[in-house]
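Quick note: the coordinates plus some simple rules give every number you see, no bench work behind them. Since we're looking at a predicted model, the values are computed, not measured. Please note: Cβ atoms are built from the backbone with ideal geometry, for glycine as well, and neighbour counts cover all protein chains shown.
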Amino acid sequence: MAEFEPVLLRNVGVENSASLKVYTQRGGYRSAAKALKMNPENVVEEVKRANLRGRGGAGFPAGVKWGFLPKGRKITYLCVNADESEPPTFSNRVLMENDPHQLLEGILIAGYATRTTTAYIYMRVEFHEQFHILQKAVDEAYEAGWLGKNIQGSGYSLDCYIHRGAGAYVCGEETGLIESLEGKRGQPRIKPPFPAVEGLFHKPTVVNNVETLCCVPHIIERGADWFTSVGPPHSTGPKLFCISGPVKRPGCYEAAMDITVRDLVYGEQFGGGMSDGKELKAVMPGGVSMGIITADEIDCKLDFEDPRNYGLLGLGTSAAVVIDTDTDMRDVLYNICRFFGTESCGQCTHCREGTAWAMRIADRLRKGAGRKEDLDVLVDVANNMGMMPGMNICGLSDGAAFPIRMIVEKFRAEFEEHIRNQRPGRVLEVLETLR
Ligand SMILES: Cc1cc2nc3c(=O)[nH]c(=O)nc-3n(C[C@H](O)[C@H](O)[C@H](O)COP(=O)(O)O)c2cc1C
Ligand code: SF4
């Protein structure tokens, strides 16, 4: 692995890192000052040249997205996606908790580049502490003239508000987020029109993830050439990776996108290997909705392209759940099915019915009452839930279908064994002993 200098997490662990004083002492807001002297189009060009791909899951290039905003528009909104609901993802939380001004600087530069006058940070409701930290940073930025009217005498003005969601996974989907921000039920919209053309309050809107925006000041400070020199050409720049489960050092780490799942699990600077003598069975490396790989497949690279070679939906949120050989895959399957079954917003038949059926079958399997045909039915349900364009309004259905199908296909022998034995899953067994 090449030498790597962390930039996104550089302030983590520094005393008072969330304060404006420490942030500016450590070079903060220099990039914003530089950007405000540039032509907004040149800022967009620099981000395009850096090939900064969105960190929220879809990997769409940020500069290209900003370029879709209609020319001659009067109003533009920036929605910062801080919903971070994908299990088990917590990198946005780490950024907002430890370095909120880095995010605000990214918002300011992105806002200036896209001629936005109002930015909304849409934050999941469970982030109580982070909300207060971020709000304090917003207040400090207003006081110091990095937000508000005529920022640093540049003639550019930007207001920034934090909006707390009510706790729904689907409100992380950009149009669900927009609906929720407008005060409606968080149900995704049919696209097109895409938010860049018709978004918040039906005005042109950019939606970007927290980590995506945190990359922006570094692109402006160090240049697009530096950004593209980090990681492979299709997956440029620093990236945050989360790892949780039975590893020695669960946490959030920064690296170039040339690391593999093996590095993340076993690397001394990352997960540090399995804990308590556990043995690796599988990893869900992109959040649960991207699917699963077995212990034999951990040479999968954590970039925007390679996960597809392993049948995964994509890199997703690059948050890995590590699963050990003591874990019953029926429990994993049930947890995932229950999550998506309760988070589907219900607008699309395939998603609403498919996630509900899958949850019922997974429940039967974990109770030790699985039927021989259940596995084929589950795969069939999953195959009909997404995959075909135009069947669903948003990506939740695909995100539910991928792990369901992959878990059943890759661990079929284990499921078949349980169906033959008709014994309840491990979690239920343990609960039984606690009665
Ligand atoms: C069901 C669903 C949930 C999503 N949740 C999030 C989320 O919590 N945070 C996020 O940034 N993107 C989430 N996304 C992706 C957003 O729709 C959108 O692509 C992203 O915010 C764009 O920002 P980026 O281009 O900077 O990644 C979700 C997508 C779907 C389909
Ligand atoms: S795919 Fe599912 S979550 Fe997305 S809009 Fe349709 S029903 Fe709602």
Self-check item: Förster-model FRET efficiency, 22 Å R0, R249 and H128, C-beta, rounded to 0.05
Solution: 0.25
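Give me the percent relative contact order of region 99-234, please, defined on Cα pairs under 8 angstrom at least 6 residues apart. Show your work: numbers first, answer last.
Working: 161 pairs, mean separation 32.0, N = 136.
This gives 24 percent for region 99-234.
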Quiz item: Based on the Cβ-Cβ distance of N16 and N150, what FRET efficiency does E = 1/(1 + (r/R0)^6) give at R0 = 25 Å, to the nearest 0.05?
Solution: 0.30
Quiz item: For region 329-434, what does the alpha-carbon gyration tensor say about shape, rounded, prolate or oblate, given a ≥ b ≥ c as the root eigenvalues, a/c under 1.5 as rounded, and a/b over b/c as prolate?
Solution: prolate
Exercise. With unit charges on the beta carbon (Lys/Arg positive, Asp/Glu negative), name the residue among A119, V261, T317 whose Cα is farthest towards the positive pole of the charge dipole of the chain.
Key: A119
Self-check item: Cα-based shape type of the chain, given that a ≥ b ≥ c are square roots of the gyration tensor eigenvalues and the cut on a/c is 1.5
Solution: prolate
Quiz item: Can you sort W226, W357, W66 by how many other beta carbons sit within 10 Å, fewest first?
Solution: W226, W357, W66
Practice problem: Can you give me the three principal axis dimensions of region 128-285 from its C-alpha atoms, in Å, biggest first? | Solution: 56, 39, 34
Quiz item: How far apart, in nm, are two points set 7 Å out from the Cα along the Cα-to-Cβ line at R412 and at M38?
Solution: 5.2 nm
Practice problem: Please label the shape of region 20-229 as rounded, prolate or oblate, based on the square roots a ≥ b ≥ c of the eigenvalues of the alpha-carbon gyration tensor (a/c under 1.5 means rounded; beyond that, a/b larger than b/c means prolate, else oblate). | Solution: rounded
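Counting Lys and Arg as +1 and Asp and Glu as -1, each charge on the Cβ, what is the dipole of the chain about the Cα centre in debye, to the nearest 20? Write out the running numbers ahead of the final one.
Numbers: 50 positive and 56 negative charges, 232 e Å.
The calculation lands at about 1120 debye.
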Practice problem: Go ahead and estimate [θ] at 222 nm for the chain from helices alone: -39,500 (n - 2.57) per DSSP H run with n ≥ 4, summed, over the residue count, rounded to 500. | Solution: -12000 deg cm²/dmol
Quiz item: With +1 on each Lys and Arg Cβ and -1 on each Asp and Glu Cβ, how big is the dipole of region 238-324 about its Cα centre, in debye rounded to the nearest 20?
Solution: 220 debye
Self-check item: region 258-326: GluC sites (Glu not before Pro) in DSSP coil with no more than 12 other Cβ atoms inside 10 Å
Solution: E268, E279
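Can you give me the convex hull volume of the Cα atoms of region 238-324, divided per residue and expressed in Å³?
Details: hull volume 6.2 nm³, N = 87.
Hull volume normalised by residue count: 71 Å³.
Can you divide the C-alpha Rg of region 187-234 by 2.2 N^0.38 Å and report the result to two decimal places? Intermediate results must be reported in sequence, preceding the final value.
Details: Rg = 15.2 Å, N = 48, 2.2 N^0.38 = 9.6 Å.
Against the compact-globule rule of thumb, the ratio is 1.58.
Test of the criteria: in region 1-56, which trypsin sites (Lys or Arg not before Pro) are in a DSSP loop and have at most 15 other Cβ atoms within 10 angstrom of their Cβ? Please report the intermediate quantities before stating the final value.
Values: sites: R10, K21, R26, R30, K34, K37, K48, R49, R53, R55; in loops: R10, R26, K37, R55.
Counting only loop positions with at most 15 other Cβ atoms within 10 Å, the trypsin sites (Lys or Arg not before Pro) in region 1-56 are R26, K37.
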Quiz item: Among P250, P188, P233, which one moves the most in a GNM of the chain with springs linking Cα atoms closer than 10 Å?
Solution: P233
Quiz item: Do any trypsin sites (Lys or Arg not before Pro) in region 142-222 lie in a DSSP loop with no more than 11 other beta carbon atoms within 10 Å, and if so, which?
Solution: K149, K184
Exercise. Evaluate 2.2 N^0.38 Å with N set to the residue count of region 366-418, then give the Cα radius of gyration divided by it.
Key: 1.24
Quiz item: What Kirkwood hydrodynamic radius, in Å, does region 177-262 give when the mean of 1/r is taken over all pairs of distinct Cα atoms and then inverted?
Solution: 16.0 Å
Practice problem: Taking only Cα atoms and a 10 Å spring cutoff, compute GNM fluctuations for the chain and point out the largest among G176, G277, G386. | Solution: G277
Self-check item: Cα-only Debye scattering, region 1-140: base-10 log of I(q)/I(0) at q = 0.13, 0.16 Å⁻¹
Solution: -0.62, -0.96
Quiz item: Roughly how many nanometres apart are two label points built 7 Å out from the Cα toward the Cβ at K184 and I75?
Solution: 1.5 nm
Self-check item: Whole-Å distance, taken between Cα centres, linking region 355-403 and region 408-435
Solution: 18 Å
